[in-house]
Amino acid sequence: MSKRALITGITGQDGSYLAEFLLEREYEVFGLERRNSQKNRQNIEHILDSIELVSGDLSDQGSIILALNEVVPDEVYNLASQSFVHESWKQPIFTADVTGLGAARVLEAIRQIDPKIKFYQASSSEMFGKVQEMPQREKTMFYPRSPYGAAKLYAHWMTVNYRESYGMFAASGILFNHESPRRGLEFVMRKITNAAARIKLGMAKELRLGNLDAKRDWGFSGDYVKAMWMMLQQEKPDDFVIATGEEHSVREFVEEAFGCLDLDYEKYVVIDQKFVRPAEVDILKGDASKARNILKWEPKVTFRELVQMMVESDMKILQGSTARV
């Protein structure tokens, strides 16, 4: 009998890759979708016939309970959140409600309905913020530097507390930065690859960015969703850092993206203080040794391959849009 999985945030980057991954393993896949006048289903358009969407909102406890009763899942993957760090400074209360309390609402709903349901929480490297140790591992002290990081930390510790207090199978993946062609245009890495393609096609003349010296550990979303699933297949629930173990600066990402198109980024990039965070996170670099040893997980896509994949995708998208005009 096939397993049933409920994914919150199924229309996002990670949600869509996870849905594909689970379908390949013959899961029945359900996605929680908020009521919205403008449906954003671009990332799951190609699998809509293979999944089922149910109405629900992480801000509404009742709707989560109804969704769980309707789906009766074996596994719940909580990937939904207000996940744009820059925006969390503008909407700190909304971010806390959806990203932080939203996870608590799902955990409490599972506890009430069926505590045997396995739960995955999408934790974030942004919880480390002002890093206290290099590289960061599961036992590294947290020091979030944004409302988003603080909200994720609340959700993370609630996951630990429900696991330890109620014996629930609740696991967290502390995922470091991961990108893909499905990343939203509001995120800086997709903003970079999209701008490079637009400049190459004569559709733009410059790219405005903030801090080019910030360093991150970047991987491919399609690799990282496999680790989420692996965590829920273990005998005991636990928390795992998922990362490549490599650090690259935003400047390197820009240089690589523009270089894919034979462009000199220095001719087009303009530093704009508007895009500098109120409290900067200078460097994040993960140690995924635990995931490698226990889950047998390894990232497959390299930094260079990731950037090239995103640039090529944006070129195809933009060339397609110009062809239709």
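The values are calculated or read from the model by the stated rules, or taken from the named source; none is laboratory data. As the structure is a computational prediction, the values presented were derived from the model and not from experiment. No Cβ is skipped: glycine too gets one built from the backbone with ideal geometry, and neighbour counts run over all protein chains shown. Ligands, DNA and RNA are stripped out before the accessible areas are found, and what is left, the full protein with its side chains, is counted by its heavy atoms. Shrake-Rupley method; radii C 1.70, N 1.55, O 1.52, S 1.80 Å.
Just name the residue that is modelled with the highest pLDDT out of those in the range 243-252 that are in contact with a strand residue (DSSP E or B) (Cβ under 8 Å, 6 or more places away or on another chain) and either assigned to a helix (DSSP H, G or I) or among the hydrophobic types (A, V, I, L, M, F, W, C) (or both).
Here the answer is 243.
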Top-ranked residue of the range 110-131 - restricted to ones that are at pLDDT 95 or above and part of a loop (DSSP other than H, G, I, E, B), ranked as surrounded by the most Cβ atoms within 10 Å (Cβ to Cβ): 128
Looking only at the range 132-169, and only at residues there that are farther than 23 Å from residue 118 by Cβ, among the polar types (S, T, N, Q) and open to solvent by less than 80 Å² (accessible area, probe 1.4 Å), the one that is farthest from the chain's Cα centre (by Cα): 140
Exactly one of 58, 66, 107 is open to solvent by 60 Å² or more (accessible area, probe 1.4 Å) and of a type in the set (A, V, I, L, M, F, W, C), and that residue is 66
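Of the residues 24, 33, which single one is among the charged types (D, E, K, R) and open to solvent by 40 Å² or more (accessible area, probe 1.4 Å)? Reasoning before the result, please.
On the way: 33 fails: open to solvent by 40 Å² or more (accessible area, probe 1.4 Å).
After applying the criteria, what remains is 24.
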Failed condition for residue 89, given (1) in contact with a helix residue (DSSP H, G or I) (Cβ under 9 Å, 6 or more places away or on another chain); (2) farther than 23 Å from residue 174 by Cα; (3) open to solvent by 40 Å² or more (accessible area, probe 1.4 Å): (2)
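Matching residues to (1) open to solvent by 60 Å² or more (accessible area, probe 1.4 Å); (2) of a type in the set (Ser, Thr, Tyr); (3) without any contact (Cβ under 8 Å) to a residue 24 or more places away in the chain:
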position	(1), (2), (3)
218	no, no, no
224	no, yes, no
228	no, no, no
248	no, no, no
288	no, no, no
296	yes, no, no
303	no, no, no
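Among 296, 267, which is among the basic types (Lys, Arg), under 30 Å from residue 117 (Cα atoms) and more than 19 Å from the chain's Cα centre (by Cα)?
Details: 267 fails: under 30 Å from residue 117 (Cα atoms).
Among 296, 267, only 296 is among the basic types (Lys, Arg), under 30 Å from residue 117 (Cα atoms) and more than 19 Å from the chain's Cα centre (by Cα).
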